[in-house]
Amino acid sequence: MHYDLHVGGLVRHLPIVPVNDKLAIASFVILGDCELVTAVAPLLAAKLPEVDYLVTAEAKGIPLVQEMCRVMGMPYYVVARKSVKPYMTDPLSSTVVSITTQKPQTLCLDSADARLLRGRRVAIVDDVISTGESLRALEELLNACGANVIAKAAVLAEDKAADRDDILYLERLPLFDAETGHTL
């Protein structure tokens, strides 16, 4: 079973994969899909208000913010890492459990990035917003360092996330029944 996603003038046939006994998702993997990233980055960038920095969580949002920064003429973006790295000094961290990880994850910012973002207008960018838990954890982390989060954006908003009025996105992605593959 698959779901035909139409985004940025492209079609992707996403496999429908179960995440538990009742729920399945259309697996959207942006990593490695240069054609898709190149098509959607300017569209998502055009939806953003004026910002100083783009921030994403490791790892699937990285190629998207890279291309968005190129399109927007921005020289630098920030990645919240999924663990404290040896090079980090005085890192800030936040914990999240998302629909795709299904276990606690830590998001971390190095103190140098935290200082860079303090008082700046920031957009959080991701590939998909589902339950919003990753977004919440990242926003919490950015608030802790004094950043001004003025936009939250993703290529896709999954299910009820598309009804939120605080996010920007290009297309809605449905959820599926794990047994039948039908949309919920």
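Summary table
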| quantity | calculated |
| --- | --- |
| Candidates per GluC sites (Glu not before Pro) in the stretch 5-103, loop by DSSP, up to 15 other Cβ within 10 Å | 50, 58 |
| Å² per residue, accessible surface of the stretch 1-114 at 1.4 Å | 51 |
| Which of 39, 151, 108, positive extreme of dipole for the chain (C-beta unit charges) | 108 |
| Proximal charge balance of residue 9 [Cβ under 13 Å; K/R count +1, D/E count -1] | -1 |
| Proximal charge balance of residue 184 [Cβ under 13 Å; K/R count +1, D/E count -1] | -1 |
| Amide H contacts of residue 168 (H built 1.01 Å from N, under 5 Å, at least 5 apart or other chain) | 152, 153, 154 |
| Accessible heavy-atom area order of 72, 88, highest first, probe of 1.4 Å | 72, 88 |
| Residue 34 accessible area, 1.4 Å probe, all protein chains in place, Å² to nearest 10 | 90 |
| Hits among aspartates and glutamates - C-alpha to C-alpha of residue 160 under 14 Å, sequence gap 8 or more where chains match | 133, 171 |
| For residue 173, residues with placed amide H under 5 Å, excluding near neighbours | 157, 158, 159 |
| Mean shadow area of the chain over all directions, Cα convex hull, nm² | 10.2 |
| Accessible area of residue 150 in the full protein assembly, 1.4 Å probe (Å², nearest 10) | 70 |
| Linear extension gain, residue 163 paired with residue 21, 0.36 nm per residue minus alpha-carbon span | 48.6 nm |
| About the Cα centre, charge dipole magnitude for the stretch 43-141 (Lys/Arg +1, Asp/Glu -1 at Cβ), debye | 80 |
| Local electrostatic count at residue 36 - Lys and Arg +1, Asp and Glu -1, tallied over other residues with Cβ under 11 Å | -3 |
| Per-residue [θ]222 nm for the chain (sum of -39500 (n - 2.57) over DSSP H runs n ≥ 4, rounded to 500) | -7000 deg cm²/dmol |
| Length-normalised contact order of the chain in % [C-alpha pairs under 8 Å, at least 6 apart] | 22 |
| Solvent-accessible surface ranking, highest first, for 68, 1, 74 at 1.4 angstrom | 1, 74, 68 |
| Cβ-placed point charges (K, R +1; D, E -1), dipole of the stretch 25-76 about Cα centre in debye, nearest 20 | 60 |
| Length gained when the stretch residue 183-residue 121 is fully extended (0.36 nm per residue, less Cα-Cα span) | 18.6 nm |
| Vicinal HN-Hα couplings computed from phi for the stretch 12-20 (Karplus, 6.51 cos²θ - 1.76 cosθ + 1.60; Hz; Gly/Pro x) | 10, 9, 8, x, 8, 10, x, 10, 7 |
| At R0 = 22 Å, FRET efficiency that the Cβ-Cβ distance of residue 2 and residue 34 yields, to 0.05 | 0.55 |
| Electrostatic dipole magnitude of the chain [Cβ: Lys, Arg +1; Asp, Glu -1; Cα centre; debye, to 20] | 480 |
| Percent accessible area from carbon and sulfur atoms, the stretch 10-167, protein chains only, probe 1.4 Å | 52 |
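The values are calculated or read from the model by the stated rules, or taken from the named source; none is laboratory data. Note that the structure is a prediction, hence the values are computed from the model and not measured. So basically every Cβ, Gly included, is an ideal-geometry build from the backbone, and we count neighbours across all protein chains shown. Accessible surface is based on the protein model in full, side chains and every heavy atom, while ligands, DNA and RNA are left aside. Shrake-Rupley method; radii C 1.70, N 1.55, O 1.52, S 1.80 Å.
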